[in-house]
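Notes to accompany the following structure.
The values are calculated or read from the model by the stated rules, or taken from the named source; none is laboratory data. For clarity, every value in this text was computed on a predicted model and none was experimentally measured. Note that each Cβ is placed from the backbone with ideal geometry, even for glycine, and that neighbours are counted across all protein chains shown. Surface accessibility is based on the protein's heavy atoms, side chains included, excluding ligands, DNA and RNA. Shrake-Rupley method; radii C 1.70, N 1.55, O 1.52, S 1.80 Å.
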Amino acid sequence: MEISRELFDHSDSISAKFKIPQGLSEEVIRKISAYKKEPEWMLQKRLEALKIFAAKEMPNWGPSLKDLDLNSISYFHIPDAAHNANAWEKVPEEIKNTFERLGIPEAERTALAGAGAQYDSQVVYHNLQEEIKKQGVIFEDMDVAVQEHPDLIKEYFMTKCVKPDLHKFAALHSAVWSGGTFIYVPKGVHVEKPLQAYFRMNAQSLGQFEHTLIIIDEDASCHYIEGCSAPRYSTNSLHAGCVEIIVHKNARMRYSSIENWSKNTYNLNTKRAIVEENGIMEWVSGNLGSGVTMLYPASALLGRGAKADHIGIAFAGPGQNQDTGSKVYHLAPHTTSTVKSKSISRGGGISSYRGLVKIKEGAKNSKCSVNCDALMFDNESESNTYPTIDVQEKDVDMVHEAKVGKISEAQLFYLMSRGLSEEEALQMIVNGFIEPIVKELPLEYAVEMNRLIQLEMEKSLG
Amino acid sequence: MEKAEIIGGEIAITENTVHYIEDTAADITFTIGAHATLTLVVFSRNAGKSSIRCILQGEGSRVELHNIYLINGTGSAEGTRPAYELDMQAVHANRNTYSRLTANGIVINGRSLIKGLIKINENAEDSDGYEKSNALIIKDGTAVSVPNLKIHNNNVKCSHGSTVTRLDEEKLFYLQSRGLSRKDASTIAIKGFYAQALNAVSDEKIRTAIAGIIDKEIEVLT
């Protein structure tokens, strides 16, 4: 599969079937809810969140959001396609082309158990292979799940994991959310193949607010992958999605995402997992696109013996500000967490690791290790590390390490003396630097990730 | 070597200098000139807030900052636990500059907040910065550590590390199995923790002074 920046930046000419004027008001929210024929309780939840949104301040730390005009964002947008066409043929040609270029049906045919692709605000294609359906696994568009599984949604939707009052953008999300993925894996079921969804924003000045809710019941396991991209427009777009993951006792969940939004997108995403007794949560994150990213996947280790692994890579090129990091809350005894973060900045890009590890009193025998490596290409770029470590319990072991450096002349010289060009040598070193993270991804994603980085690198030698 | 009552203000360092601050809060900015090295040892048993900023102004300037602390709130009532706060900074403002910021301390029934920042400016090529914070918690204590790095030049070496640990039960058990009392085993472990920090202090007089105080304090601790 050919991958180029242009491919991702390409915008399809699609006529919108339903678009609400820009800006945010109670009326807009009532319209969204009415269009979706939502039950009354969901509308009330949205309206309540709108009040919280109005009351909350913008974050006063991290990258500047002054160019983000929340009133010029279009909060809801449905492309002209039959909602949830479950056969690929029913999806309109243009949308299909986009996904074909991104390699989704191909990937689904070969490796993945089910693929949901979100085009703007609705899932246009959703499929789950028969065998896992029989096991009772639910893999559904979030809007459909509200209608078909109201009990589960009522219990879990922004009630336990991410509450609307967490911060301003969580409240905004709760008010205007649309689409996304709902996954429920019943007790003892292991979903062998990864489930995946590809999110993509197409309309100009569009906000995308997809909601992902994943519930892994006791002794079950699942791997879910999300890839995100948006075409390039001259006006700024906003992505304020939300991912909630509930890992029950002895369950295991791996959530992988590669976010490659176009360079004028504000990616202000909220991702959080709560992990019960002996549960395992693994986050694999790649952040390549966006102008400004503020994304801090969090794990709350609620049950004894719960475990969280966070691995992430951020790439900040010209004009980009990647502000990412991991948050881990150790709230029970014998909890463990490891955080591995890699960042690359070049051409004036800013990458920052902003993390938090909190070990609450009573979380005896907890262990935590945080490791950050940063690679800088030039002097215009910036690399920052802001880890906060808060230990309130004496029976713990906590280690944090960070290194910032450049590619050594000796390494380059050695590779070039073996016949590689400078470009090839640089790429080889960068590939080696990110290898520990890329090897955690399934093959198709690892290939995509390597290609994307290669692409960003090509520009570096201009 | 000098011991000051209250330290504050701005101090220019133009030649190799060794300063020692004991048991007093400090709020100082050191500006270090070309090819000068500042060695600063800060030993603290007091609650309170200290702020030490080192500007590596001249080419080839260096700073070695050793913070050693022992915060013991045993006997103090809940809510009045002693809190120690340290803010240490090194700003690399010229080429070929070098910084080592370390904080090593024990917190017993108290709180510690160690903030560190190494900033490497755009013009500070060939610089080398390192910060490290180690806290050992005994009994009830909390330790917060915020070691930040801000790097604007790629031709540098910069890293930081931070640990929060407790007395290792297995090591204590091993020592006890060799016939030591629990008290003696703990004493050895605590001395070992401080020895690492002290060994890095090159000035022998300061080293001996601090070791003497710690030896006495440990008697009370264990």
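Things to note:
- Breaking point among (1) outside any strand (DSSP E or B); (2) more than 9 Å from chain B (Cβ to nearest Cβ); (3) farther than 30 Å from B:I138 by Cβ; (4) open to solvent by 40 Å² or more (accessible area, probe 1.4 Å), for A:R304: (3)
- Inside the range B:165-190, residues that are of a type in the set (K, R) and at pLDDT below 85 make up a count of 2.
- Filtered residues of the range B:182-206 (kept if of a type in the set (S, T, N, Q) and either assigned to a loop (DSSP other than H, G, I, E, B) or open to solvent by less than 40 Å² (accessible area, probe 1.4 Å) (or both)): B:S186, B:T187, B:S202
- Residues within the range A:416-428 that are hydrophobic (A, V, I, L, M, F, W, C) and surrounded by fewer than 17 Cβ atoms within 10 Å (Cβ to Cβ), tallied: 3
- Residue within the range B:135-150 that is open to solvent by 40 Å² or more (accessible area, probe 1.4 Å) and either under 14 Å from the mean Cα position of the chain (by Cα) or modelled with pLDDT of 85 or more (or both) present: yes
- Search result, residues across the range B:114-171 that are among the basic types (K, R), more than 7 Å from every other protein chain (Cβ to nearest Cβ) and in a strand (DSSP E or B): B:K115, B:K119, B:K132
- Out of A:G279, A:G349, A:G319, A:G312, sole residue that is out of contact with any helix residue (DSSP H, G or I) (no Cβ under 8 Å at 6 or more places or on another chain) and open to solvent by 10 Å² or more (accessible area, probe 1.4 Å): A:G319
- The strands (runs of 3 or more DSSP E) found entirely in the range A:363-423 that carry 1 or more residues being facing chain B (nearest Cβ under 9 Å) and of a type outside the set (A, V, I, L, M, F, W, C) are A:382-391, A:396-406.
- The range B:151-164, subset open to solvent by less than 20 Å² (accessible area, probe 1.4 Å) and of a type in the set (S, T, N, Q), residue modelled with the lowest pLDDT: B:N153
- Qualifying residue in the range B:182-190 (condition: within 14 Å of chain A (Cβ to nearest Cβ), without any contact (Cβ under 8 Å) to a residue 40 or more places away in the chain and touching a Ser or Thr at 6+ places or on another chain (Cβ under 7 Å)): yes
- Members of the range A:354-372 found to be crowded, with 20+ Cβ neighbours inside 10 Å, more than 17 Å from A:D323 (Cβ to Cβ) and either aromatic (F, W, Y) or within 26 Å of the chain's Cα centre (by Cα) (or both), listed by number: A:V357, A:I359, A:C368
- Qualifying residue in the range B:62-73 (condition: outside any strand (DSSP E or B) and open to solvent by 10 Å² or more (accessible area, probe 1.4 Å)): no
- In the range A:282-301, the residue that is farthest from A:S256 (Cα to Cα) out of those that are in contact with a helix residue (DSSP H, G or I) (Cβ under 9 Å, 6 or more places away or on another chain) and part of a loop (DSSP other than H, G, I, E, B) is A:G289.
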